[in-house]
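A short write-up of the structure that comes next.
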């Protein structure tokens, strides 16, 4: 049993850093989006905002999972986690400014198709991030 628990410290460290990066992602993502996801979801039951935000969290978590599985150290994991965070933010910006210029208003208006596109793109970018981190 002690052999099985030998990696518990590393697990706890990696998990703590992952949760910290996930919280940082939530904070930074909320800063770059011109609408308050939490308010839209909690107070207005906005499905479009919930779908887009959930996709972003899942996409980032996929990249984090791959970074954790493939990193050579805790620092390496943190660095690749930040790279994944930047990629997710860039995906939102590209969708917003290039492909769907009215994305912000459509999310605010609870247009579910816009939320699905945002969520889907976020998951796709997360999958690509994860795959590219398997060097």
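Quick note: the coordinates plus some simple rules give every number you see, no bench work behind them. Computed from a prediction, not measured in an experiment: that's the story for all the values here. Cβ: placed from backbone, ideal geometry, glycine included. Neighbour counts: every protein chain shown.
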### Query
region 67-126: percent of C-alpha pairs farther apart than 17 Å?
48 percent
### Message
Give me log10 I(q)/I(0) at q = 0.20, 0.21, 0.23 Å⁻¹ for region 1-119, Debye formula, one equal scatterer per alpha-carbon, no solvent.
### Response
-1.01, -1.08, -1.22
## Note on the structure
Quick note on 36, 109, ordering by fewest other C-beta atoms within 10 Å, gives 109, 36
### Query
Rounded to the nearest 0.05, what FRET efficiency do residue 73 and residue 4 have when you use their Cβ-Cβ distance and R0 = 25 Å?
0.65
### Query
Put a dot 7 Å past each Cα toward the Cβ at residue 47 and residue 131; how far apart are the dots in nm?
3.0 nm
### Computed over the chain: relative contact order in percent, which uses C-alpha pairs under 8 Å that are six or more apart
36 percent
### Query
Which ordering of 80, 38 is given by a fewest-first count of other beta-carbon atoms within 10 Å?
38, 80
### Contour excess over end-to-end distance, with Cα ends at residue 124 and residue 102 and 0.36 nm allotted per residue
5.8 nm
### Task
Using the number of other C-beta atoms within 10 angstrom as an exposure proxy, rank 1, 100 with the fewest first.
1, 100
### Task
May I ask you to compute the full-extension gain from residue 113 to residue 15, defined as 0.36 nm times their residue separation minus their alpha-carbon distance, rounded to one decimal in nm?
31.9 nm
